[in-house]
Amino acid sequence: MVNADQVAVLRSLLAPTGWLERTRYFARALRQTARTPEGLLIVGTPADEPWHMTAHLADESRLAGLPGLAPTLVRWAPPPGAPPHLRVGIDRLERAGRAETLLVVTGETAPAALLERLADARKTGAAIFALDQGDPELDELAHESLIVQPSQAPVSFDGAQHLVSLAIGESAGARFFGQAGSRGIPAQPGDQRPDGDEAGRHLRGALRRPGLRSQLARLLDTITGTEPD
């Protein structure tokens, strides 16, 4: 779990990039739309199934008490004998309707077979969300999209999934990353994003704490996609 010192550092590093606001906006829209239990369908491409994001959403749904965010992983070719929650096939999208939300998470270009199913689901009233690395056809179909372009974004594609899942779990009205009710971190008097020298003091103080330096390094490696030394 992200602790208060790590939160302060992450806020100071990412706030100027605009990515806190972008991921929070996407997460809030998804949270407001996905309200039907078992109605959030998450899908990728045949070669890129979104296991990572599915696990994050399942955790946040449980921790935040939001059953509408419990994801159903839709698979292109579930193996025979898989447990029920892992054998939901791609034909499930054909039955998607107004009460359901489809979340596409993939770093690949969406194949025509997926785009066709999404277009049909949109016609029947399903909400379409996309988290991708820049796919014009997919993004045009989506009601909301979050594009993570490797050459421009300050976070990795996996890191963006972490940020979205963290934002989804925050309580209504809480500011992203560390306000009251968010990830179990209590608000402190005057709690605002640290700037300038204040951010530096937070960073130096955090890195002096035993064990926190390595924890923070691993967390930042995950968010930015940087390979550890």
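The values are calculated or read from the model by the stated rules, or taken from the named source; none is laboratory data. Remember, it's a predicted structure, so these values are computed and weren't measured experimentally. With ideal geometry, Cβ positions are generated from the backbone for all residues, glycine too; neighbour counts draw on all protein chains shown.
At a glance:
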| quantity | calculated |
| --- | --- |
| Boolean, R28 is touching a residue at least 60 places away in the same chain (Cβ under 8 Å) and in contact with a Phe, Trp or Tyr (Cβ under 6 Å, 6 or more places away or on another chain) | no |
| Matching residues, region 72-87, being touching a Leu at 6+ places or on another chain (Cβ under 8 Å) and modelled with pLDDT of 95 or more | T72, L73, V74, R75 |
| Test: A55 is buried (at least 21 other Cβ atoms within 10 Å of the Cβ), at pLDDT 90 or above and within 15 Å of the chain's Cα centre (by Cα) | no |
| Qualifying positions in region 112-146 - within 12 Å of the chain's Cα centre (by Cα) and of a type in the set (A, V, I, L, M, F, W, C) | F129, A130, L131, L146 |
| Matching residues in region 10-66 - criterion: being in a loop (DSSP other than H, G, I, E, B) and under 14 Å from I168 (Cβ atoms) | A34, R35, G65, L66 |
| Residues being of a type outside the set (A, V, I, L, M) and part of a helix (DSSP H, G or I) - total across region 85-117 | 7 |
| Test: residue in region 112-123 that is within 26 Å of H162 (Cα to Cα), without any contact (Cβ under 8 Å) to a residue 40 or more places away in the chain and surrounded by 14 or more Cβ atoms within 10 Å (Cβ to Cβ) | yes |
| Exclusive hit being modelled with pLDDT under 80, of a type outside the set (D, E) and in contact with a strand residue (DSSP E or B) (Cβ under 6 Å, 6 or more places away or on another chain), set G196, G178, G205 | G178 |
| Residues within region 73-108 that are surrounded by fewer than 17 Cβ atoms within 10 Å (Cβ to Cβ) and β-branched (V, I, T), tallied | 1 |
| Pairs, first closer than 16 Å to T109 by Cα in region 144-170, second of a type in the set (V, I, T) and not in a loop (DSSP other than H, G, I, E, B), C-beta under 8 Å, six or more apart | L146/T23; L146/V164 |
| Qualifying residue in region 118-125 (condition: modelled with pLDDT of 95 or more, within 26 Å of R28 (Cα to Cα) and not in a helix (DSSP H, G or I)) | yes |
